[in-house]
Amino acid sequence: MKKKVLASLMAAVMTASLLTGCGAESSPAEESKEAAAANSDAAGGDEEITLRMSWWGGDERNEATVKVIEQFEALHPNVTIEPEYGGNDGYHDKLATQLASGTAADIVQVDPEIFPTYVVTGDYFLDYKELGIDMSNFEEAYISLSINGRYDGKQLGLPTGISGAGILVNQDLADKIGLDFTKKMDWDDLLEMGKKVREYDDSLYLLCANKEYIVNLVVFNYAKQLIGTTLFNPETQKINMTQEQLQEVFTYVQKLYDEEVVAPASYQAAYSGDNLQSDANWMNGKYVAALTYISTIDVMVAANPNANYSMSQLPILEGATEAGWASNTPQVFAITSTCKYPEVAAEFMDYFFNNDAALETLGATRSVPPTEKAREICTKTGALSAEAMEGANIAAAAGGTPNDKISSSQESKTILFDSVETIGYGAGTVEDVAAEAYTLISALGK
């Protein structure tokens, strides 16, 4: 469970920090800044330099990243970058120990939700602002978020991509029924659209969704818009919403089922988790739209390639002060404070994020690229679809706050998954389901 993982990581980092910090005369960050001054021209010099770079990912990401390393090494024959990659399992446990003991790679890929744990427990990362990397291609509003690497004015990490939610529309079917997804929408608009769909053809549904997607993309975002903030206060860890507000959210979920905006819960059960692309009704064009993530847009399109697609606007409650819908990165890259050649590492990161050849090679292997320059290159090469590009732009413009750690924990999600399933099957009243869920979720905080 992510909550327990974060706690164990923090404990490991703090313990190792105490053991390795005794008798230190200067911090790793201070030593690295001194090294930077001495080695500012090292990448273009004769000194043999070796850096280590660690990340996790699949074969496509690994191959592309290694190719970019080789491109940089060809430009700087005196520099060797040793790749360290594998799966995500155990990656952050190992990284926590390495950071605290001073043995971490010079450049590390980190989960943005775990990154804050390292930031508050040690001086482990260098500020990109002090290393001369060109960050002008990044949108300031995007990289300035803590979830994307900005802490107390320091850019300790850089986002590798854009992730977020979306609604993928079968535009051919929407046009036949007369549905307009381009206008500003609230949640009631989806109910009205769902009614029109059923009137047009009762074998069709408006939304392809299951209990997991309803929780992650409806419950959380509706709730944040309703209460004007995240479900839990990140500082006090106390719940921000009332039982009545949770009941209002669940009442909307019940309407999705009762008014047949989504398929019956009994049907959805066969396509749980991240398996919407396997839904026979989606593949056969029986849904007008699908709840998606930016990273799953192309998968959904490939599952039914016979239609033309567009991306919908995201619904917002009228009068909401919090957009709810959040766009953040799937990973950040940071330069560790123990790096002996921080300026060289920064020069490689500058190449990684800004060089045309590097951007073309990396493509969309780390989700939709984080800069407009990279997205344009990927669109031209075909690495990024027009739908994914449109979805990223809509998600980034929404500007909502990411979920807090408690509500997005596996414990919290399991409670909400079970609640939505109970509502979908009609196995309990909304009042009773909300009361039980509220008691259980509240207990996760303080």
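Worth a mention:
- Cα gyration tensor, segment 352-446 - rounded (a/c under 1.5), prolate or oblate: prolate
- Taking label positions 7 Å along the Cα-Cβ direction at both T321 and N62, the computed distance is 4.9 nm, reported to one decimal.
- Taking every DSSP helix (H) stretch of at least 4 residues in the chain, weighting each as -39,500 (n - 2.57) and dividing the sum by the residue count yields a mean residue ellipticity at 222 nm of -13500 deg cm²/dmol.
- Sites E244 and Y425, calculated FRET efficiency, Cβ-Cβ separation with R0 30 Å, nearest 0.05: 0.80
- Compared with the dominant Cα axis of the chain, that is its longest principal axis, helix 243-258 is turned about 60°.
- Based on C-alpha pairs under 8 angstrom that are at least 6 apart in sequence, segment 314-392 has a relative contact order of 20 percent.
- Fluctuation leader among P402, P234, P369 - the chain, Gaussian network, Cα springs under 10 angstrom: P234
- Whole-angstrom gap from segment 146-181 to segment 277-332, using each part's C-alpha centre: 9 Å
- To the nearest ten degrees, helix 410-424 and the longest principal axis of the Cα atoms of the chain are 10 degrees apart.
- Once the Cα atoms are used to define both axes, helix 91-101 deviates from the longest principal axis of the chain by about 30 degrees.
- Peptides ranked, highest mean first, by Cβ atoms within 10 Å: ranges 162-169, 134-141, 94-101: 162-169, 94-101, 134-141
- Segment 224-252 residues near the modelled K446 label - backbone nitrogen below 15 Å, point 7 Å along Cα→Cβ: 232-240
- Efficiency of FRET between D93 and M135 - r from beta-carbon atoms, R0 22 angstrom, step 0.05: 0.10
- Charged-residue dipole, Cβ positions (Lys, Arg, Asp, Glu), segment 48-184 about Cα centre, Debye nearest 20: 420 debye
- Cα→Cβ-extended label distance, 7 Å offset, between A386 and A303, nm: 2.3 nm
- Per-residue extension of 0.36 nm, minus the Cα-Cα distance of K196 and Y151, leaves a gain of 11.5 nm for this segment.
- Candidate lysines - alpha carbon under 20 Å from K195, same-chain residues fewer than 8 apart omitted: K176, K183, K184, K255, K286
- E360-D186 FRET efficiency (beta carbon distance; Förster radius 45 Å; 0.05 resolution): 0.65
- Placing unit charges on each Cβ (+1 for Lys and Arg, -1 for Asp and Glu) gives the chain a dipole about its Cα centre, and among A290, H92, M300 the Cα reaching farthest toward its positive end belongs to A290.
- Packing-based order for 208-218, 303-313, using average beta carbon neighbours within 10 Å, highest first: 208-218, 303-313
- Integer Hz, Karplus 6.51/-1.76/1.60 couplings in order for segment 272-283, x for Gly and Pro: 7, x, 8, 10, 4, 5, 8, 4, 4, 5, 5, 5
- For I81, residues with placed amide H under 5 Å, excluding near neighbours: L51
Where a number appears in this text, it was derived from the coordinates with a stated rule and is not lab data. Note that the coordinates shown come from a computational prediction; the quantities given were computed from them, not determined experimentally. Glycine also receives a Cβ, built like all others from the backbone with ideal geometry; neighbour counts cover every protein chain displayed.
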